[in-house]
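Novice: Dropping the structure in here first, questions after.
The values are calculated or read from the model by the stated rules, or taken from the named source; none is laboratory data. A quick note: this is a predicted structure, and the numbers were derived from the prediction, not measured. Every residue, glycine as well, gets a Cβ built from its backbone with ideal geometry; the counts of neighbours run over all protein chains shown. Quick note on the areas: whole protein, heavy atoms, side chains included, nothing else; ligands and nucleic acids left out. Shrake-Rupley method; radii C 1.70, N 1.55, O 1.52, S 1.80 Å.
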Amino acid sequence: MEKKVDIVIKFAGLKLANPVFLASGTCGYADEMADFTDLNSLGGFITKSITLKPRKGNPNPRIIETDSGMLNAIGLANIGLERFIKEKLPILKKMRPAIFVNVAGEIIKDYTEVIGTLSTEKAIAGFELNISCPNVKMGSICFGTEPAVVEEVTAAAKKASGKKILMVKLTPSVTDVSTIARAAIDGGADALSLINTFTAMVIDIETARPALANRTGGLSGPAIKPIAVYLVNKVFREVAQKANIPILGLGGIRTASDAIEFILAGATAVAVGTANFSDPNCAEKITGGIREYCVRKKIRNLKELVGSVK
Amino acid sequence: MKKKINKGLFSAKVRGNINTGRCFYRIEMELAGVPAKVFAQAQPGQFAQIDLSTTALPPQDSIAHKLRDSSGRNIILRRPFSFANVQSKGDKTIIQILYCTVGPASLRMTTLKTGDTVNLIGPLGNGFVIPEGKKIALLAAGGMGSPPVQFLANRLVKKNPEIKVVLFAGAKSKNEFPSEPEKFTSHKIETIITTNDGSFGLKGLVTEQLEKWIEANEPKEQQLIIYACGPEAMLARVAEIANSERIDCQISLERRMACGFSVCQGCAVECKVGSSEETIYKMCCADGPVFDSREIVF
């Protein structure tokens, strides 16, 4: 008889049924996905970014497909904190997976107000700090690329989040992502999620104009996966392992083997993003595939795999 | 209480996929069981997201020259297609889609053969609705926008015989109609055809004929409704005519979509908020694709 494989994981002190999350901005506020997948089969769920006030977002065109990927420049369009609490939180409350709320802002106070307000909500396991959206101009400050700023915003967010877990989402559009990871950890991050999209551009050669109204957008999908795996491994080896800070790995995952690569690279959990658009049920398949891999490789606890690349 | 399923991720079987002229094709797919029941409810204006990512490309030498260069691009997103018809036959539901080859995904679609399995998500979005008290429906179809209008024409003739239907169908030229406008329905309806170059029907634009018809017939605006789908410039003009004459008007829009079920937020449509100067972005996939002409900012 097959030995029971345990893919239950501990992530920043949370016990999760499995390591598979849905990534922010690719699964709405959960209700939109319910027609296509069993949300309770997930390990975790990360909401679309929430800002203090509603945001209209960028003009059309906001997306364009590329070879094995896509660019988006949505511009953090969202319903704002007030409507989120009224309309979406009641739905999230009924879900079994760990719920993380992705929080974005233009100044530090924007982050701390949203996080502070939600920090006592039982339904929420933690926050994902979005300091890495490539499509929004944040005045003169670029939160995600300056180590000192990353540390400051993380520390303020950590203070506001009370007992909730604070995960910081990193941008790959920096010279050395480990420096930024270290700054986030120094600021008090309980977990890191990497990687966000890569700033990129597509040009329509017929009109000689950028394909997106925002000129540039964030590249996601299978096209970025090997770079994302590399960056997860780099941050794991250089920073996260020593600091004992778990990584949520993401970037182009659409199969179980993609997810396992991230885990071998150093991710404790993984998130499915762009793949949700074409297969809103793919997280469930990925979870099944991870289990099968563990059986085949005689791995009794998924923890053994994390960062075990030779 | 069990939630009623009104959309889902399903498989369909191809019943036929034929070239109807130039770059135009007609594909029919059949659904059985629960998916058939769900799709039987599909309304004109709704659409399905079809996965063509693993469908084979046609041989290189059969690909139109202008599409050949980028034909090999890997595709990862589904493509949205509105329905040209949906019919229930026993416990099966048959959906018909008209499409033209414009890029690597629609090129792949041409190689689907009878018996092949296709993965689709749908029915998605909100279709055209028929408000109470309407006596005349003017249907405006431009080029590749005609399939949902064709579906609507059929439905109106079958289910709302009290409504007089007049169809305005236009294209750039004779060869640019995805299906023959005279055959939009099996029933006879008044049809006015236009082409930009005059190679078929009247020379000029659909919108010119629409305006002329309204001027000549002077219908009571409360009893009149306009439905339209086609190129954005045509739709903007239709909206202008309808709004200035205070005629109810529903317009089906097209946008690039990644998901089709409002999680990607990619298919933004700028809409007015009441009579204020303020605008918001609605989602073409979930708030539309059919919008009230008065709310769209063209």
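Novice: Do we find that B:I189 is modelled with pLDDT of 95 or more and β-branched (V, I, T) in this structure?
Specialist: no
Novice: Please count how many residues of region A:226-278 are open to solvent by 30 Å² or more (accessible area, probe 1.4 Å) and within 14 Å of another protein chain (Cβ to nearest Cβ).
Specialist: The total comes to 2.
Novice: May I ask you to list the residues in region B:192-213 that are open to solvent by less than 80 Å² (accessible area, probe 1.4 Å), modelled with pLDDT of 95 or more and within 26 Å of B:G133 (Cβ to Cβ)?
Specialist: Answer for region B:192-213, where residues must be open to solvent by less than 80 Å² (accessible area, probe 1.4 Å), modelled with pLDDT of 95 or more and within 26 Å of B:G133 (Cβ to Cβ): B:V206, B:T207, B:Q209, B:L210, B:E211, B:W213.
Novice: I would also like to ask the following. Which members of region B:17-69 meet the condition of being exposed (fewer than 14 other Cβ atoms within 10 Å of the Cβ), among the hydrophobic types (A, V, I, L, M, F, W, C) and in a strand (DSSP E or B)?
Specialist: Listed by number, the list holds a single entry, B:I18.
Novice: Can you name the residue in region A:181-209 that is within 14 Å of another protein chain (Cβ to nearest Cβ) and of a type outside the set (D, E, K, R) and is also farthest from B:C264 (Cα to Cα) among such residues?
Specialist: Checked region A:181-209; the qualifying residue farthest from B:C264 (Cα to Cα) is A:I205.
Novice: Please verify whether A:I107 is surrounded by fewer than 20 Cβ atoms within 10 Å (Cβ to Cβ), more than 10 Å from chain B (Cβ to nearest Cβ) and either without any contact (Cβ under 8 Å) to a residue 60 or more places away in the chain or of a type in the set (G, A, S) (or both), treating the condition exactly as stated.
Specialist: Yes, satisfied.
Novice: Counting only residues that are among the hydrophobic types (A, V, I, L, M, F, W, C) and more than 30 Å from B:D287 (Cα to Cα), how many does region B:29-68 have?
Specialist: So the first thing to find is which residues in region B:29-68 are among the hydrophobic types (A, V, I, L, M, F, W, C), and the list is B:29, B:31-32, B:34, B:36, B:38-40, B:42, B:47-48, B:50, B:52, B:56-57, B:63-64, B:67.
Within this subset, residues satisfying the condition of being more than 30 Å from B:D287 (Cα to Cα) are B:56-57, B:63-64, B:67.
Looking only at that region, the number is 5.
Novice: Search region B:251-267 for residues being touching a strand residue (DSSP E or B) at 6+ places or on another chain (Cβ under 6 Å) and more than 18 Å from A:T274 (Cα to Cα), and hand back the single one that is nearest to the other protein chains (Cβ to nearest Cβ).
Specialist: So the residue we want is B:L253.
One line per residue, one yes/no per condition, for (1) hydroxyl-bearing (S, T, Y); (2) modelled with pLDDT of 95 or more; (3) closer than 26 Å to B:I130 by Cβ:
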site: B:I27; (1), (2), (3): no, yes, no
site: B:A32; (1), (2), (3): no, yes, no
site: B:F39; (1), (2), (3): no, yes, yes
site: B:A42; (1), (2), (3): no, yes, yes
site: B:S53; (1), (2), (3): yes, yes, no
site: B:Q60; (1), (2), (3): no, no, no
site: B:K66; (1), (2), (3): no, no, no
site: B:S71; (1), (2), (3): yes, no, no
site: B:I76; (1), (2), (3): no, yes, no
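Novice: Among the candidates A:N18, A:N60, single out the residue that is open to solvent by 40 Å² or more (accessible area, probe 1.4 Å) and in contact (Cβ under 8 Å) with a residue 40 or more places away in the chain.
Specialist: Only one candidate qualifies: A:N60.
Novice: Restricting to region B:74-93, name every residue that is within 14 Å of chain A (Cβ to nearest Cβ) and touching a Leu at 6+ places or on another chain (Cβ under 9 Å).
Specialist: Selection gives B:I75, B:R78, B:R79, B:P80.
Novice: Here's a check for you: in region A:28-40, which residue that is closer than 25 Å to A:A12 by Cβ and surrounded by fewer than 20 Cβ atoms within 10 Å (Cβ to Cβ) is farthest from the other protein chains (Cβ to nearest Cβ)?
Specialist: A:N40
Residues are listed down the side, and each one gets a yes or a no for (1) closer than 27 Å to A:F143 by Cβ; (2) buried (at least 18 other Cβ atoms within 10 Å of the Cβ); (3) not small (G, A, S):
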site: A:L42; (1), (2), (3): no, yes, yes
site: A:I50; (1), (2), (3): yes, yes, yes
site: A:P54; (1), (2), (3): yes, no, yes
site: A:S68; (1), (2), (3): no, no, no
site: A:L71; (1), (2), (3): yes, yes, yes
site: A:G75; (1), (2), (3): yes, yes, no
site: A:L81; (1), (2), (3): yes, yes, yes
site: A:V103; (1), (2), (3): yes, yes, yes
site: A:L118; (1), (2), (3): yes, yes, yes
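Novice: Further, regarding this structure: Within region A:71-91, identify whether any single residue is within 20 Å of A:T199 (Cβ to Cβ), facing chain B (nearest Cβ under 9 Å) and in a strand (DSSP E or B), and answer yes or no.
Specialist: yes
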